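> Following this message is one structure expressed as structure tokens.
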Amino acid sequence: MDETQKLLSRKPILAALQGKVPKSIPIWLMRQAGRYLPEYREIRKQRRSFLDLCYSPELAAEITLQPIRRFGFDAAILFSDILVLPDALGQKVWFEEGVGPRLIPVSPRDPLNPAALDNLYDNENYKLKTVYDAIRIIREGLPAGCTLIGFAGGPWTVATYMIEGGTSRSFEKIRHWAVTDPTSFEKFMAVLVEATSLHLIGQIEAGVEAVQIFDSHSGILDEEGFEKWIVEPTKKVVAQVRNHFSQIPIIGFPRGAGTKLLSYINQLEVQGVGLDQYVSCKWAAENIQRVVPVQGNLDPIYLLSDIETLYRKTLDTLSHFGGNPYIFNLGHGVIKETDPKTVEFLVKAVRDFEVN
Ligand code: 1CP
């Protein structure tokens, strides 16, 4: 066994992203660090603002490692947020208790100036440096078999927050801009593509071993929009990252893409694709997993159901994807009312599953 193979056998997530089928199915969960954990809520009190928490390297590192200690997941996801990027670009971003993210919106009349990119790394104490410092601290405390995953939002998804000014139901502002003035919208997206690539490269330089691109709102686009605003920009991000790090595994997560996943995996050179719970396991096993390793897709709501239902749904998911390159995950993030004991049960159920 050469050095690379040894490393892979010790890191089941990396092995799965290389198309291998590790003995035991690897598992991590989106939003595994967060409000359902009492130890997170305890640390959360130390900073008034959520962004300050994200920019405190020691605390962010500690929060990242909390679910690893408790549950022994195969991957740690960096504790940060997709909205640190607009913040670092100079847009005003804040999180309101009980509301969620708020931003002073950009618009066609007041678009993002490409010079905003200069804000990202403008002086010795640039904001994103704290994120990269957190990564260095995490790597020191990371158990041997555990993979550290970095991330960014997909340019479209980050754009929805920047233009809508927060979480949206109808996404009318961004869709209106994209269809009525695609030229200026394209320019805006180009800045985000650049910023996203730089941030992912910064994380990889600091020590993350794989990255995930969260396109949480790709589901609101029709086929043409999906090509233009999900596939094309993400292709550019992937190309820029690959230019610097040809081997880094990239997981794409175009949530809500449905059958457009086919176009996504055919055009993007990703090592893994995240599936949401709305995709049929049978369809995805036949059409997606045949091409690329998959990750997902148990509906997080089952962590709030009775244990028999959770067990049945977990086995059902595992039996569809288990024999081929696969990483167990939820279809979206852990819900904050989830009991940590239920997560413990889920991890054991996945660990005990025998691939035949
Ligand atoms: O303590 C709190 O009240 C803050 C809650 C919280 C947390 C724990 C937010 C606010 N973000 C996070 C962390 C976070 N966000 C992580 C880190 C670690 C982990 O997964 O364990 C990650 C990867 C994200 C990514 C993220 N942020 C996404 C993409 C994934 C997804 O959930 O769709 C999105 C859309 C955001 C924006 C965001 N951040 C927080 C909120 C409430 C929102 C808005 C969500 C929405 O619009 O519904």
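The values are calculated or read from the model by the stated rules, or taken from the named source; none is laboratory data. These numbers come from a predicted model, not from an experiment. Cβ placement follows ideal geometry from the backbone for every residue including glycine, while neighbour counts extend to all protein chains displayed. These area figures cover heavy atoms from the full protein model, side chains too; ligands, DNA and RNA do not enter into them. Shrake-Rupley method; radii C 1.70, N 1.55, O 1.52, S 1.80 Å.
> With the condition kept exactly as written, say whether any residue in the range 18-31 is farther than 26 Å from GLU344 by Cβ, within 19 Å of the chain's Cα centre (by Cα), open to solvent by 20 Å² or more (accessible area, probe 1.4 Å) and touching a residue at least 12 places away in the same chain (Cβ under 8 Å).
So far as the range 18-31 goes, yes, one or more of its residues are farther than 26 Å from GLU344 by Cβ, within 19 Å of the chain's Cα centre (by Cα), open to solvent by 20 Å² or more (accessible area, probe 1.4 Å) and touching a residue at least 12 places away in the same chain (Cβ under 8 Å).
> Hey, which of the helices (runs of 4 or more DSSP H) in the range 62-175, taking only ones fully inside, have at least 3 residues that are within 25 Å of GLN32 (Cβ to Cβ) and within 11 Å of the ligand (Cβ to nearest atom)?
84-89, 155-164
Each row is one residue, and each column tells you yes or no for (1) under 16 Å from the mean Cα position of the chain (by Cα); (2) within 26 Å of GLY141 (Cα to Cα); (3) assigned to a loop (DSSP other than H, G, I, E, B).
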{"residue": "LEU200", "(1), (2), (3)": "yes, yes, no"}
{"residue": "GLU205", "(1), (2), (3)": "no, yes, no"}
{"residue": "GLN212", "(1), (2), (3)": "yes, yes, no"}
{"residue": "PHE226", "(1), (2), (3)": "no, no, no"}
{"residue": "LYS236", "(1), (2), (3)": "no, no, no"}
{"residue": "ILE251", "(1), (2), (3)": "yes, yes, no"}
{"residue": "GLU269", "(1), (2), (3)": "no, no, yes"}
{"residue": "ASP276", "(1), (2), (3)": "yes, no, yes"}
{"residue": "ARG290", "(1), (2), (3)": "no, no, yes"}
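> Mind listing whichever residues of the range 308-338 are out of contact with any helix residue (DSSP H, G or I) (no Cβ under 8 Å at 6 or more places or on another chain), in contact (Cβ under 8 Å) with a residue 40 or more places away in the chain and open to solvent by 70 Å² or more (accessible area, probe 1.4 Å)? Write out each step before concluding.
Initial filter on the range 308-338 (out of contact with any helix residue (DSSP H, G or I) (no Cβ under 8 Å at 6 or more places or on another chain)): 308, 312, 319, 322-323, 329, 336.
Subsequent filtering for residues that are in contact (Cβ under 8 Å) with a residue 40 or more places away in the chain retains 322-323, 329, 336.
Answer for the range 308-338, where residues must be out of contact with any helix residue (DSSP H, G or I) (no Cβ under 8 Å at 6 or more places or on another chain), in contact (Cβ under 8 Å) with a residue 40 or more places away in the chain and open to solvent by 70 Å² or more (accessible area, probe 1.4 Å): just LYS336.
> State all residues of the range 150-170 that are open to solvent by 10 Å² or more (accessible area, probe 1.4 Å) and in contact with a Phe, Trp or Tyr (Cβ under 7 Å, 6 or more places away or on another chain); if no residue qualifies, say none.
Scanning the range 150-170 gives PHE151, GLU164.
> For ASP52, only one of the following conditions fails: (1) more than 20 Å from ALA134 (Cα to Cα); (2) of a type in the set (D, E, K, R); (3) assigned to a helix (DSSP H, G or I). What is its number?
All conditions are met except number (1).
> Looking at the range 254-287 only, could you name the residues that are in contact with a strand residue (DSSP E or B) (Cβ under 9 Å, 6 or more places away or on another chain), away from the ligand (no atom under 16 Å from the Cβ) and open to solvent by 50 Å² or more (accessible area, probe 1.4 Å)?
Within the range 254-287, GLU269, GLN271 qualify.
> Quick one: which of VAL84, VAL99 is of a type in the set (A, V, I, L, M) and open to solvent by less than 30 Å² (accessible area, probe 1.4 Å)?
VAL84
> Consider the range 40-59. How many of its residues are free of Cβ contacts under 8 Å to residues at least 24 places away in the same chain and touching an Asp or Glu at 6+ places or on another chain (Cβ under 7 Å)?
Residues in the range 40-59 being free of Cβ contacts under 8 Å to residues at least 24 places away in the same chain and touching an Asp or Glu at 6+ places or on another chain (Cβ under 7 Å): 1 in total.
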